[in-house]
């Protein structure tokens with residue numbers, strides 16, 4: 001027998017239990033403050049390997065015009081380092097002349113101007129190139145371009161002038177080629193290379209054959225006597241029917257037995273860099289490089305550009321260590337207007353097969369331009385970028401240069417530091433591999449060392465804009481496992497080194513940074529020296545809770561955070577590294 005009220009009480013109890021269950025379920029699944037959200041490991045990317053180039057803001061130098069020259073256009077500059085250590089640069093001017101200038105101090109200053117080719121008969125001299133031959137003579141080429149109104153007796157062409165004594169005197173100029181007399185059927189952009197045999201080759205873009213179309217090929221003249229005379233007719237080396245291969249720049253890879261030629265190629269959409277490859281023996285004697293030739297490598301970049309992104313006027317150079325450099329002018333991250341492009345530089349391997357680790361040497365405003373760029377390599381391993389820009393003038397296009405630091409795939413050296421801020425221990429001898437200093441006046445140089453107990457960091461920060469109100473910070477980021485994480489995670493550390501001597505350490509955790517509470521054994525010293533300051537740091541290897549075996553691959557980045565005297569906040573990482581993306585950090589090994 002059911003007692004009176006029992007059913008009612010049972011129903012009430014069941015209702016309460018169900019309500020509690022629903023409430024508990026809601027609190028677990030709703031967006032309330034007490035939610036427990038499962039954490040997920042960051043995504044994995046392929047690590048970005050290879051060297052980087054970090055451009056040095058403090059090395060920017062205006063080459064042209066000289067202070068005593070008139071305002072105007074100065075551009076399309078080409079630079080070489082000579083056998084005696086001098087630099088030489090040629091460029092075109094708005095007056096229709098080709099000027100040449102030397103530097104005795106690696107580009108810090110430039111001397112008197114020489115006019116190598118002068119405008120005549122209303123024909124401007126344009127787009128020069130130069131080369132030092134193995135006998136130390138100099139050759140300069142240019143492109144005569146008739147001004148309007150055109151006349152049949154004034155042709156577009158290619159001229160060459162030689163100095164047998166390194167620029168002290170010049171022989172009579174030679175016109176080695178004539179195209180047609182109108183712009184649509186002209187020829188363009190001569191560029192030299194010398195082969196191991198001594199043969200000199202002069203490449204150029206040629207519309208002279210195509211009087212009924214807008215097509216263009218790449219042609220080449222040979223000289224077998226150091227430029228004293230040239231073949232009667234050019235050799236066609238490359239042609240894409242219906243398109244316009246243009247602006248050739250050759251590069252000799254003697255150790256590979258090859259000649260590379262960079263051209264701009266409008267196969268699809270806007271121009272992209274393309275590389276021709278030709279074996280040195282019997283070169284250019286077979287059929288020319290056609291559209292689908294295996295010797296043509298179209299758009300050879302790891303980070304390929306969209307079809308509507310312009311990337312023309314390519315240039316090639318090579319580091320002494322072997323890596324091939326490629327530059328071009330591009331609308332990437334700018335407007336679609338090609339003549340408001342700026343310079344980009346990418347790094348290839350020793351064969352120039354594929355290019356990546358893109359950097360932008362000059363910070364050109366979107367409304368300004370940096371065109372007709374080129375590269376040089378000095379002192380074996382120092383890249384130099386040269387541009388023609390109106391970025392820093394209200395009434396001129398000027399020639400500017402900037403030097404870069406090669407960030408290597410560094411192997412941490414063995415040695416113990418005393419951590420006194422003097423940076424005079426033997427482990428800090430030699431070149432320091434790491435550099436930050438593209439965005440402003442602060443420059444950081446850094447190196448690493450280790451012994452059985454500690455990882456050591458030394459850094460020198462040169463600061464010509466320091467004031468006591470500034471808060472300057474160097475962040476040292478270290479990926480002990482280099483798994484390719486997209487965001488910070490376990491085994492990835494950030495060490496914040498303050499100028500005032502404070503220090504803190506964070507470790508990645510599921511895409512976020514978490515403070516490391518115990519920094520026992522960490523030693524840190526900051527020493528001020530004039531406008532510079534020195535950092536020395538020791539971190540126990542045990543803090544990283546990782547095994548450091550010989551040959552282990554890791555990642556590294558440095559970031560400078562500071563305010564200028566004007567109050568601008570500068571946050572700059574090393575070259576192509578992104579502080580929030582460990583897979584992008586520079587590689588290093590124990």
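The numbered conditions (1) in contact (Cβ under 8 Å) with a residue 12 or more places away in the chain; (2) closer than 25 Å to residue 573 by Cα are all true for residue 395 except (2). Can you confirm whether segment 254-261 contains a residue that is buried (at least 23 other Cβ atoms within 10 Å of the Cβ), in the same structural domain as residue 320 (by the TED database) and free of Cβ contacts under 8 Å to residues at least 60 places away in the same chain? Looking for residues that are buried (at least 23 other Cβ atoms within 10 Å of the Cβ), in the same structural domain as residue 320 (by the TED database) and free of Cβ contacts under 8 Å to residues at least 60 places away in the same chain, one finds at least one in segment 254-261, hence yes.
Scan segment 351-369 for residues that are over 14 Å from the mean Cα position of the chain (by Cα), crowded, with 20+ Cβ neighbours inside 10 Å and touching a residue at least 40 places away in the same chain (Cβ under 8 Å) and the total you get is 1. You will find that of 106, 155, the residue that is crowded, with 21+ Cβ neighbours inside 10 Å, out of contact with any helix residue (DSSP H, G or I) (no Cβ under 7 Å at 6 or more places or on another chain), in contact (Cβ under 8 Å) with a residue 24 or more places away in the chain and in a loop (DSSP other than H, G, I, E, B) is 155 and no other.
Looking at 530, 508, 501, which one is in the same structural domain as residue 458 (by the TED database) and touching a residue at least 40 places away in the same chain (Cβ under 8 Å)? Steps first, answer last, please.
Details: 530 fails: touching a residue at least 40 places away in the same chain (Cβ under 8 Å); 501 fails: touching a residue at least 40 places away in the same chain (Cβ under 8 Å).
On inspection, the qualifying residue turns out to be 508.
Among residues that are within 24 Å of residue 389 (Cα to Cα) and at pLDDT 95 or above, residue 100 is included.
Residue-wise test of (1) buried (at least 17 other Cβ atoms within 10 Å of the Cβ); (2) touching a strand residue (DSSP E or B) at 6+ places or on another chain (Cβ under 9 Å); (3) outside the structural domain of residue 137 (by the TED database).
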| position | (1), (2), (3) |
| --- | --- |
| 49 | no, yes, yes |
| 58 | no, yes, yes |
| 70 | no, no, no |
| 79 | yes, yes, no |
| 82 | no, yes, no |
| 90 | yes, yes, no |
| 121 | no, yes, no |
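Only one residue in 263, 236 is in contact with a strand residue (DSSP E or B) (Cβ under 9 Å, 6 or more places away or on another chain), assigned to a strand (DSSP E or B) and over 25 Å from residue 309 (Cβ atoms). Which one? Before the answer, list the steps.
Details: 263 fails: over 25 Å from residue 309 (Cβ atoms).
After applying the criteria, what remains is 236.
Conditions (1) closer than 30 Å to residue 46 by Cα; (2) more than 32 Å from the chain's Cα centre (by Cα), marked per residue:
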site	(1), (2)
521	no, yes
529	no, no
539	yes, yes
544	yes, yes
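Please indicate, with yes or no, whether at least one residue in segment 390-406 is outside any loop (DSSP other than H, G, I, E, B) and more than 24 Å from the chain's Cα centre (by Cα). No, the conditions are met nowhere in segment 390-406. For residue 420, the conditions (1) in contact (Cβ under 8 Å) with a residue 60 or more places away in the chain; (2) outside the structural domain of residue 537 (by the TED database); (3) assigned to a loop (DSSP other than H, G, I, E, B); (4) touching a strand residue (DSSP E or B) at 6+ places or on another chain (Cβ under 9 Å) all hold with the exception of (2).
The values are calculated or read from the model by the stated rules, or taken from the named source; none is laboratory data. No experiment lies behind these values; they were computed from the predicted model shown. Glycine also receives a Cβ, built like all others from the backbone with ideal geometry; neighbour counts cover every protein chain displayed.
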